[in-house]
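The values are calculated or read from the model by the stated rules, or taken from the named source; none is laboratory data. All values reported here derive from a predicted model rather than from experimental measurement. We place every Cβ from the backbone using ideal geometry, glycine too, and count neighbours over all the protein chains shown. Keep in mind that these areas ignore ligands, DNA and RNA; they rest on the heavy atoms of the full protein, side chains included. Shrake-Rupley method; radii C 1.70, N 1.55, O 1.52, S 1.80 Å.
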Amino acid sequence: MSQLNNVLLVWFLLLSVAHGTSAQLSRHHYAKICPNVENIVRDAVKKKFHETFVTVPATIRLFFHDCFVRGCDASVLVASTPNNKAEKDHPDNLSLAGDGFDTVIRAKAAVDAVPLCRNKVSCADILTMATRDVISLAGGPYYEVELGRYDGLKSRASDVNGKLPQPGFNLNQLNSLFAANGLTQTDMIALSGAHTVGFSHCNKFNNRIYNFKSHTKVDPTLNDLYASQLKSMCPRNVDPRIAIDMDPTTPRAFDNAYFKNLQKGMGLFTSDQVLFMDPRSKPAVEAFASNSKTFHANFVAAITKLGRVGIKNAQNGNIRSDCSII
């Protein structure tokens with residue numbers, strides 16, 4: 001009996017810890033600390049958005065890459081030092097666009113320019129708010145964000161290994177990586193919809209258009225016309241800095257076109273197209289393609305869950321005065 005009690009106690013403690021981290025977050029966390037914080041961040045993000053649309057995909061991707069490694073703690077913003085190679089310098093993060101970092105830096109400066117708010121708002125929360133704001137500015141859903149994260153105390157490039165989805169992943173690989181962050185297959189498919197505003201470099205998918213297999217040089221799941229368009233935009237020895245829109249139809253709108261494109265064989269990555277090709281994930285793709293409200297509702301639920309991953313508190317985090325320095 002005592003053994004059963006011990007098991008129950010451990011289970012209760014695990015539940016308490018799991019509940020405690022998300023319970024720390026609240027929609028009104030800054031109501032008394034920095035009451036106008038969301039408007040301050042939104043104004044800074046708007047200015048950046050009007051300078052370049054890249055602000056949108058760059059900021060969303062920064063949030064994803066942050067939360068998937070050590071949780072949503074702004075560790076991806078930290079700069080390397082002579083004694084430490086930080087997350088942002090891992091090969092999987094070198095393609096993160098500078099506009100995402102700049103968005104957070106500007107929003108942080110705007111917040112800290114208000115005396116009441118100075119050094120009271122974490123970089124992790126600013127990144128979370130900025131992500132919501134760019135999605136909304138691009139025509140996506142506006143949603144309430146949970147706040148109260150602390151910034152992480154570590155950022156190591158080695159921690160990135162195996163934590164981020166790769167362009168060649170199949171459904172099992174995608175599901176297991178997202179499940180490790182408490183996200184379901186439906187969450188994963190909804191979050192993949194963020195590729196409706198993303199862009200990619202040719203080397204991430206050129207294996208699909210030039211040397212897929214010995215008997216078929218082009219991936220047969222690719223739409224023929226789309227494949228020839230990709231070849232013209234990405235010739236064999238193309239400049240590696242050339243970037244291609246992931247949504248060839250409405251690249252500047254946060255809409256459900258990504259899923260409609262998958263139905264036509266126009267997913268840029270293997271990991272995109274597999275969502276339609278695999279019978280386990282195809283129904284969700286079709287549901288999101290046929291109804292943008294369904295997509296938006298699932299996306300908001302999934303990104304809210306993602307924002308709870310591995311959050312830090314006052315015991316294992318702090319609030320950085322400079323997002324790039326621990």
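See the values below:
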{"item": "Cross-chain or 6+ apart pairs with Cβ under 6 Å, region 226-249 first and at negative phi, then hydroxyl-bearing (Ser, Thr, Tyr)", "result": "ILE244/SER200; MET246/SER200; ASP247/THR196; ASP247/TYR258"}
{"item": "Close pairs (6 angstrom Cβ cut-off, 6 or more residues apart or separate chains): over 18 Å from SER26 (Cβ atoms) and open to solvent by 50 Å² or more (accessible area, probe 1.4 Å) in region 108-132, part of a helix (DSSP H, G or I) and among the acidic types (Asp, Glu) anywhere", "result": "ARG118/ASP112"}
{"item": "Scan of region 196-232 for residues that are closer than 20 Å to ASN261 by Cβ, under 26 Å from the mean Cα position of the chain (by Cα) and open to solvent by 40 Å² or more (accessible area, probe 1.4 Å), ordered by number", "result": "PHE199, HIS201, LYS204, ASN206, ASN207, THR221"}
{"item": "Filtered residues of region 233-242 (kept if open to solvent by less than 70 Å² (accessible area, probe 1.4 Å) and of a type in the set (D, E, K, R))", "result": "ASP239"}
{"item": "Whichever residue in region 277-298 is hydrophobic (A, V, I, L, M, F, W, C) and within 21 Å of the chain's Cα centre (by Cα) and, among such residues, is most open to solvent (accessible area, probe 1.4 Å)", "result": "ALA297"}
{"item": "Enumeration of residues in region 100-134 that are part of a loop (DSSP other than H, G, I, E, B) and either out of contact with any Ser or Thr (no Cβ under 6 Å at 6 or more places or on another chain) or charged (D, E, K, R) (or both)", "result": "ALA113, VAL114, ARG118, LYS120, VAL121, SER122"}
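Rundown of residues vs (1) at pLDDT 95 or above; (2) within 29 Å of ALA314 (Cα to Cα); (3) touching a Leu at 6+ places or on another chain (Cβ under 8 Å); (4) not basic (Lys, Arg), yes/no style:
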{"site": "SER16", "(1), (2), (3), (4)": "no, yes, no, yes"}
{"site": "SER22", "(1), (2), (3), (4)": "no, yes, no, yes"}
{"site": "SER26", "(1), (2), (3), (4)": "yes, yes, yes, yes"}
{"site": "ASP43", "(1), (2), (3), (4)": "yes, yes, no, yes"}
